[in-house]
Amino acid sequence: MGLSSELQQAVELLGFESPTPIQEKTIPFLLETNTDMVALAQTGTGKTAAFGLPIIQQIDTSKNHTQALILSPTRELAMQIASDLTNFSKFSHKINIAVVYGGADIRKQIDQLDRGVSIVVGTPGRTLDLIKRKKLKVNEIKWLVLDEADEMLSMGFKDDLDAILETSPKEKQTMLFSATMPKEIVSIANKYMTNPHEISVGKKNTGAENVEHHYYLIHAKDRYIALKRVADINPNIYGIIFCRTRAETKDVADKLMQDGYNADALHGDLSQAQRDHVMARFRGKHLQMLVATDVAARGLDVNDLTHVINYNLPDDPEIYIHRSGRTGRAGKKGISVTLIHLREKGKLRQVEKKVNKTFLQKAVPSGNEICEKQLFSLIDKMEKTEVNEAEIGQFMPVIYKKLSWLEREDLIKRFVSLEFNRFFKYYENAPDINVDESRQSGRDYEPQERGKRVKKERNNRFDRSAPSDRSDRFDRSDRGGRKRGGYEFSRFFFTLGKKNGINKRKIIDLVNEHLPNKSAEIGSIEVMKNFSFFEVDKRYEKQILKAFSNATYKGLKMGIDIAKGK
């Protein structure tokens, strides 16, 4: 592919044997031309090597200034990219790499930049901060990489990206990598890139090829039971369970741990040290299941995941694409599982269309099926267990003598019963929780997952009594409250909308951000052009009003009030 002997030596040491499709298309192109490039590729397809190897090979080691800037959405991903680049450049002399991100001591990062670095990997916020301080000089960079650009935009970094791109020289080579191609990505390409060459290893905005998509149709009240059965029918599961809110993440993880599963949670309430500890355990496979929100899981780079489980179907199909793309990497197969109830069937079809794949409906396994699968998994493990004669040899004569009265068949039965009596008892009378669609009316719902109805609101951000075409079944009182599923919600009018960069995910992030010590249940969210409506557990009504009263978003004051009227 035209790589230097130093780089070939490094990748061979890392165990690379043949290039992935994105590497096969990208590396020769970047070595032969300085044309801008847009690459459409899922997470985990080898993008870092695709842009990293050509950049390292072309770095001018006689110069002491920064020649390449690589931007990523999160601290974890930035650190992973920097680590990979360091490994690639192991035999390439005088190539220094720095990683910069928020939440760390900026003075140490400045000291490293002052000593001279060839490549800087950073998150947009900290990178822009260092540029403004004139500590990171990007006026002479030859390469600019935007990795997981769609994620950076969804996290609200558009203004930071615009400022960085405007500061950088026009004659650089810009590379944009993205799993999906929303209109904002196309806008950046049109504004800051010159006739970019497009490379694709998949269809636009579609799911990864190596991932199977399964769904289980259940009642909302049986969601956790279904989750446990999916985990139990897959004894060697190694996956991420995605929940919608921090409260749900904590609840599901706590239940799993109480029920004896190797699981833990990843959410916004964790400190960085706690987050690092959980991730170290998960990467080391001391945890089989990680329960996380989409926000907390951003930037995670974990290989060999067997499953991604959607405890809730996300509102945005592109979020589903990102979730499912975390499994089925590097040529391996993966399964994306979704637990849905009847009212979500329509939303599931929208996701199918976006992913461009048909989802396979699976029956929630019965207790007998699970016991059989678990039992034979245990027998397989026993067959493959290595016997350490030196360690146990001294104990065997006594053990043989003690068990000599048992026949071979009785011994095996007792061994199986010892391991499985509790398991068999748990599933002894386990009910069938599959939903028979022919007998359902479609009224199955829960607070955080209601069917959304399109509203025709007056396009006036100050008209808080704008009429709606909802039926009387959804009428509210003058205080905007409504009861469903055991929760009473307050409905808020919010003075920012789509034109301000607000979407459903951003509103969830803002609520979680401004209630850092709370776990408020979030109801329906409706985002209009100039304003929005959202619901939060009525118990937190005063806290929400107070928290948002003096808050700003991208320099704009966030006006909020109780939505009055029907």
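Here are a few things to note about the model shown:
- In the chain, helices alone account for a calculated mean residue ellipticity at 222 nm of -11500 deg cm²/dmol, with every DSSP H run of four or more residues adding -39,500 (n - 2.57).
- Cα convex hull of segment 81-124 - mean projected area over all directions, nm²: 3.2
- Long-range HN-HN contacts of Lys142 with modeled amide H, under 5 Å: Ala68
- Linear extension gain, Glu24 paired with Arg133, 0.36 nm per residue minus alpha-carbon span: 35.3 nm
- Other residues lying with their Cβ under 11 Å from the Cβ of Phe242 contribute a combined charge of +1, Lys and Arg counting +1, Asp and Glu -1.
- Semi-axes of the equivalent ellipsoid for segment 17-166, Cα gyration tensor, largest first, Å: 23, 19, 14
- Here the simple spin-label model places points 7 Å from the Cα toward Cβ, and for Thr385 and Lys402 these points are separated by 1.5 nm.
- Between amide H atoms placed 1.01 Å from N, distances below 5 Å from Ile199 occur with Val38, Ala39, Leu40, all of them 5 or more places distant or on a separate chain.
- Shape of segment 498-558 from the C-alpha gyration tensor: oblate (a/c of 1.5 or more and a/b not above b/c, with a ≥ b ≥ c the square roots of its eigenvalues).
- Added length on full extension, which subtracts the Cα-Cα distance from 0.36 nm per residue, Glu140 to Asn34: 36.7 nm
- For the peptides 385-395, 152-162, the ranking by packing is 152-162, 385-395, with the highest mean count of neighbouring Cβ atoms within 10 Å listed first.
- Using θ = phi - 60° and Karplus 6.51 cos²θ - 1.76 cosθ + 1.60, couplings along segment 62-74 (whole Hz; Gly, Pro as x): 7, 9, 9, 9, 6, 10, 9, 10, 10, 9, 9, x, 9
- Sorting the segments 352-360, 376-384 by their residues' average number of neighbouring beta-carbon atoms within 10 angstrom, most packed first, yields 352-360, 376-384.
- Database remark: amide H of Val100 closer than 5 angstrom to the amide H of Val121, Gly122, Thr123 (H placed geometrically; neighbours at sequence offset of 5 or more, or on other chains; Pro and chain starts carry no H).
- Global form of the chain, assessed from the alpha-carbon gyration tensor, a/c cut-off 1.5: oblate
- Per-residue 3J(HN,Hα) values for segment 142-149, derived from phi via the Karplus relation 6.51 cos²θ - 1.76 cosθ + 1.60 with θ = phi - 60°, read 9, 9, 10, 10, 10, 9, 6, 4 Hz in sequence order (x marks Gly and Pro).
- Sorting 48-58, 180-190 by their mean Cβ neighbour count within 10 Å, with the most densely packed peptide first, gives 48-58, 180-190.
- Cα point-scatterer Debye curve for segment 368-426, base-10 log of I(q)/I(0) at q = 0.15, 0.22, 0.23, 0.26 Å⁻¹: -0.61, -1.04, -1.07, -1.13
- Rounded to the nearest angstrom and listed largest first, the equivalent-ellipsoid semi-axes of segment 211-364 from its Cα gyration tensor are 23, 17, 15.
- In terms of its alpha-carbon gyration tensor, segment 4-71 comes out oblate; a/c meets the 1.5 threshold, while b/c is at least as large as a/b.
No value in this document is a laboratory result; all are computed from the given coordinates. Being a predicted model, the structure only gives us computed values, none of them experimental. Virtual Cβ from ideal backbone geometry, glycine too; neighbours counted across all protein chains shown.
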